[in-house]
Amino acid sequence: MSPERDERVPVLEVDSLSKSFGGVRAVDGVSFTLSSRELLAMIGPNGAGKTTCFNMVNGQLRPDAGSVRLDGRNILGLPPRSIWRRGVGRTFQITATFASMTVRENVQMVLISYHRRSRALWRPARNHYVDEAMALLERVGMDQQHDRACGVLAYGDIKRVELAIALANEPKLLLMDEPTAGMAPRERMELMELTSEIVHERGIAVLFTEHDMDVVFTHADRIMVLDRGELISEGPPMAVRSDRKVQEIYLGSSAGRGVDVS
């Protein structure tokens with residue numbers, strides 16, 4: 001486990017981030033900061049620019065303008081693998097595990113890569129970082145299923161394995177793209193409660209996108225709302241809930257978008 005980080009230490013600083021595709025301004029001058037032990041939700045209707053902004057922070061897209069700093073160091077232009085090595089973990093809307101490998105082996109493979117052992121294996125990969133993998137699985141409640149293939153797990157359990165995988169590089173920042181997508185309501189709350197506990201234990205900063213407003217308003221410390229590429233509101237959940245612009249976007253067409261912030 002990483003040494004405990006101080007309370008509310010700035011981890012991610014995004015300034016004037018912009019990206020266009022042809023004549024479409026997908027992200028337009030978005031700025032925000034994120035501190036350790038903080039869960040920041042990025043929400044907005046479809047096409048608001050959430051995924052584009054997410055992918056620029058992660059290095060999958062290069063912005064047209066702006067800056068992204070991790071622990072005060074510029075990471076703009078670095079490939080995703082280099083950003084991962086600097087302490088950025090990520091989970092995906094569609095789970096990304098090796099179905100034929102066991103739960104423990106999935107975590108072990110990430111640990112082997114993180115410790116740069118993939119080209120220097122002098123014994124079978126399954127014998128590397130066993131204790132470390134089991135400790136991560138125990139923390140997410142999956143140690144009792146360590147020898148089962150990921151392909152036979154329930155969907156909610158796969159999400160827990162994915163969380164363990166995302167923690168394997170001892171992240172300072174965790175990016176979670178629709179972490180509860182496809183899960184039952186109870187499973188959603190349980191996963192986010194677990195995430196919140198781990199975040200505060202390890203001093204991690206979390207940026208997540210989510211369509212379930214119950215999850216957002218229950219677990220986010222702050223919420224930022226994007227609409228047509230612009231940041232239109234940011235603040236604590238109650239302040240965002242009462243923001244008239246947010247109400248117009250969501251409540252004014254909630255039947256069409258299926259979202260309610262009231």
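Specify the angular offset, from 0 to 90 degrees and rounded to the nearest 10, of the alpha carbon long axis of helix 155-166 from the longest principal axis of the alpha carbons in the chain.
Once rounded, the angle reads 80 degrees.
Between the range 36-84 and the range 198-226, how far is it from one alpha carbon centroid to the other, in angstrom?
First find each Cα centre; the distance between them is then 15 Å.
Rg (Å, one decimal) plus Dmax (Å, integer) for the alpha carbons of the range 98-170?
Over the range 98-170's Cα set, Rg and Dmax evaluate to 11.4, 35 Å.
So, R0 is 41 Å and r is the distance between the beta-carbons of Ser16 and Asn46; what FRET efficiency does that work out to, to 0.05?
0.95
Estimate the FRET efficiency between Ser113 and Gln247 by the formula 1/(1 + (r/R0)^6), using the beta-carbon distance for r and 51 Å for R0, to the nearest 0.05.
Working from the Cβ atoms, E equals 0.65.
Modelled label-to-label distance, Leu194 and Arg62, 7 Å Cα→beta-carbon offset: nm?
About 3.8 nm, to one decimal.
Over 29 Å, how big is the tail of the calculated P(r) for the chain, in percent of all Cα pairs?
Summing the P(r) of the chain above 29 Å gives 32 percent of all pairs.
5 Å is the cut-off here: which amide hydrogens, built 1.01 Å from N in the peptide plane, fall below it relative to Ala48, excluding neighbours closer than 5 in sequence?
Arg228
Kindly write out, for the range 209-216 in residue order, the coupling ³J(HN,Hα) from the Karplus curve 6.51 cos²θ - 1.76 cosθ + 1.60 (θ = phi - 60°), rounded to whole Hz, with x marking Gly and Pro.
Along the range 209-216, the couplings run 9, 6, 9, 7, 5, 5, 5, 4 Hz.
No lab work stands behind these numbers, since they all come straight from the coordinates. Predicted model only: the values in this text are computed from it and were never measured. Positions of Cβ are backbone-derived with ideal geometry, glycine not excepted, and every protein chain shown enters the neighbour counts.
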